[in-house]
Amino acid sequence: MTPAVLFAAIIALVLVAFQVGKARSLTVAGGPRGIRTLHSLPGHYGLLTAMWCAIPSLLVFGIWLAFQDAILIRMVLVHLPAEVQHLPKAQLGLMINDLRNLVAGNIAPESVAVSTRLAAVEYLHLQSIARLALSALAMVAGIIGLLVVRARIRPDLRARNAFESLIEWVLFGCSGIAVLTTLGIVLSIVFEAVRFFTFVPLTDFLFGLNWSPQMAIRADQVGSSGSFGAVPLFTGTLLISAIAMLVAAPIGLFSAIFIAEYANRRVRSVVKPLLEVLAGVPTVVYGFFAALTIGPLLRVWGEAFGFNVSGESALSAGLVMGVMIIPFVSSLADDMITAVPQSLRDGAYALGATRSETIKQVVLRAALPGIVGGLLLATSRAIGETMIVVMAAGLASNLTANPFEAVTTVTVQIVTLLVGDQEFDSPKTLAAFALGLVLFVITLVLNVIALYVVRKYREQYE
Amino acid sequence: MKDFAYSLPVPKDIKTIGTVTAPGAIFSCRNVQVFYGEKQAIRDVNIDIAPKEVLAMIGPSGCGKSTFLRCFNRMNDTIVGARVLGQIELEGKDIQDKHQDVVQLRARVGMVFQKPNPFPKSIYENVAYGPRIHGLAADRGELDEIVNSSLRRAGLWDEVKDRLNQPGTSLSGGQQQRLCIARTIAVNPEVILMDEPCSALDPIATAKIEDLIDELRESYAICIVTHSMQQAARVSQRTAYFHLGDLIEVGETTKIFTNPRAKLTEDYITGRFG
């Protein structure tokens, strides 16, 4: 059986197990009239049986498949001629790749060595045996689980509680996957970043004022030795994010106030979705809007006023990024303003406050922590935004606070460092991971603060 | 003050039992009707409110007493689809008139709500809010004086005098409600509306509020909606019984509770329904 067929068979077995467990509980209870003598409903006995049938067989299935390929390759290699076995590691790896491709039918048999072809035949042979063994083992494990539970079904078996505690573990497992994935990402970044810091001291990286990562890859190449001072990138990121927030914070906040407090239901039902459409525009579209429309426009306007605006400028990227972030700010602020209880507004109105006094001094005051949290989340999004700045901000690592000049950001440099063929023992490539780590730490801190602020606010009114 | 100074003529076909007029009425309502969309919540209500009296409005849930109370300071304006018809005169002026400034009206007619709703500000700022927006204090000293006296009259001063800068939400429920009363009287209104002010409070806090209402009666006309008939009997001089949008009976509280004339009133206060 191929794994797919086997999986279907396991599912079928689990369905059978459900019916077996249910039927058994009814038998034990002495027919449908005896259901009230059971601790749980017949369905719960069925579910419990099905779970204990599914868990062992799926475990066998999963673990086996995870290791099958590695073990089979090892077994095939043992039977290969000695000279193949003693090939250097890299060439052996290439051979194994050929072998895999051959087995999968991706390449023609004539294109590889005879020994590899023989190995492939043996691999296929072993694979069919392994599949048979796996099928037998998985089904047996499932059936054993089924039979064990079936034998234990009695009226006083607490099937509902047992099933529900199993479900609890399943839920725990799911949240564990999310946490472990995050941990994996962090570790992979940290490891590469640490390797980078063996080439470049941490202080040079964090406080150096010159960023020029180009360096010679081969000895005969002409190239600089590379300079990894990341301060120009940080200031560039900061400059663009600041411009973006200067656009997004007031516009987002004011539109939220309009939508939440002034707009009637009809206007609200039109404006709110329209504003949220902005959040759905792909960032690459914003990117070429910034690069092809706003950038040149700013240059023309700049010339009219006597400024020297470069075609790729921090201003154009920041403005467009700000527009992109407006819906984040407005929809979060809108939620927070709407969450302010009507009783507070009534209290202010009853004292003779006008609508704008009520909004300024009571509603916004109450919603402030939530709004601040939303702004912080939007900021961390601005810092992490990549596509717009790649297209519109430029690559020149200028250390400047002038928004009319081209700057570059942390995210842009990560992209340029990793695009194309790279070698992973060069500080040039590894620098991307160090930058990623910095970015990760900054956004993490911002998010933690934002979530803390928002939660504090939630506690107040719920 | 002249008797019946502002009381409007009472329509002849009035169905309400008892005397709806009051001597020297400050509020005078005639043929008041309230609609929520198509649904009529209040039908042809006629009643006066006199200064220095507590008028209790009682009745089963959904009888429209809170809706009627909200007519006095036009809080129904904030409800989409609510319409108020008829005459409601405050000292001879129709408050429904389009020239009536609702902000000024609400400064004269304060309101205390069912659930304490202190603003997310300090205790001091909660009380100072009304005087500030109406410009009642010329300087900080006067404002301090208003806050101080309002908290004193609300019986809260001794409990909060050392922590005026703490948030109003840090107080207990009963203290919060007295803070809301202090906030209301800081604007120096003529009438105070109370919408079940004790329904979220325990008996001890309720007793304090009731004592407070008794003291406030010296200076204000008070109109209180309550679900507790004992409370109505304890704090009010006149009682109005509402039933399904109609004002059934009005009279002196002692008479309403000992000798109701309408069958519906009797059924309600003897606990046959409600």
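The values are calculated or read from the model by the stated rules, or taken from the named source; none is laboratory data. Predicted, not measured: the structure shown is a model, and the values here were computed from it. Cβ placement follows ideal geometry from the backbone for every residue including glycine, while neighbour counts extend to all protein chains displayed.
Restricting to segment B:123-141, count the residues that are surrounded by fewer than 22 Cβ atoms within 10 Å (Cβ to Cβ) and facing chain A (nearest Cβ under 7 Å).
Counting residues in segment B:123-141 that are surrounded by fewer than 22 Cβ atoms within 10 Å (Cβ to Cβ) and facing chain A (nearest Cβ under 7 Å) gives 2.
Every residue in segment A:17-38 that is surrounded by fewer than 16 Cβ atoms within 10 Å (Cβ to Cβ) and closer than 21 Å to A:Phe163 by Cβ, please.
A:Gln19, A:Thr27, A:Pro32, A:Gly34, A:Ile35, A:Arg36, A:Thr37
Hey, does segment B:44-66 have a residue that's crowded, with 17+ Cβ neighbours inside 10 Å, hydroxyl-bearing (Ser, Thr, Tyr), within 14 Å of chain A (Cβ to nearest Cβ) and under 21 Å from A:Leu344 (Cβ atoms)?
yes
What residue, among those in segment A:333-343 that are among the aliphatic types (A, V, I, L, M) and crowded, with 21+ Cβ neighbours inside 10 Å, is nearest to the other protein chains (Cβ to nearest Cβ)?
A:Val340
Name the helices (runs of 4 or more DSSP H) wholly inside segment A:347-410 in which the number of residues that are within 33 Å of the chain's Cα centre (by Cα), within 14 Å of chain B (Cβ to nearest Cβ) and more than 22 Å from A:Leu435 (Cβ to Cβ) is 2 or more.
A:364-384
What single numbered condition from (1) touching a helix residue (DSSP H, G or I) at 6+ places or on another chain (Cβ under 6 Å); (2) modelled with pLDDT of 90 or more fails to hold for A:Val285?
Failed condition: (1).
Residue check, A:Val170 against (1) over 30 Å from A:Ala432 (Cα atoms); (2) surrounded by 12 or more Cβ atoms within 10 Å (Cβ to Cβ), all met but one. Which one?
(2)
Rundown of residues vs (1) of a type in the set (Gly, Ala, Ser); (2) more than 9 Å from chain A (Cβ to nearest Cβ); (3) in contact (Cβ under 8 Å) with a residue 24 or more places away in the chain, yes/no style:
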{"residue": "B:Leu85", "(1), (2), (3)": "no, yes, yes"}
{"residue": "B:Ile88", "(1), (2), (3)": "no, yes, yes"}
{"residue": "B:Glu91", "(1), (2), (3)": "no, yes, yes"}
{"residue": "B:Ile95", "(1), (2), (3)": "no, yes, no"}
{"residue": "B:His99", "(1), (2), (3)": "no, yes, no"}
{"residue": "B:Leu105", "(1), (2), (3)": "no, no, yes"}
{"residue": "B:Val109", "(1), (2), (3)": "no, no, yes"}
{"residue": "B:Lys121", "(1), (2), (3)": "no, no, yes"}
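Tell me which of these B:Lys39 doesn't satisfy, since it passes every other one: (1) free of Cβ contacts under 8 Å to residues at least 60 places away in the same chain; (2) surrounded by 15 or more Cβ atoms within 10 Å (Cβ to Cβ); (3) of a type in the set (Lys, Arg).
Result: B:Lys39 fails condition (2) only.
What single numbered condition from (1) modelled with pLDDT under 90; (2) closer than 30 Å to A:Val362 by Cβ fails to hold for A:Gly311?
Single failed check for A:Gly311: (2).
Only residues that are without any contact (Cβ under 8 Å) to a residue 24 or more places away in the chain and either under 28 Å from A:Pro296 (Cα atoms) or touching a Cys at 6+ places or on another chain (Cβ under 9 Å) (or both): list them for segment A:361-395, please.
A:Leu395
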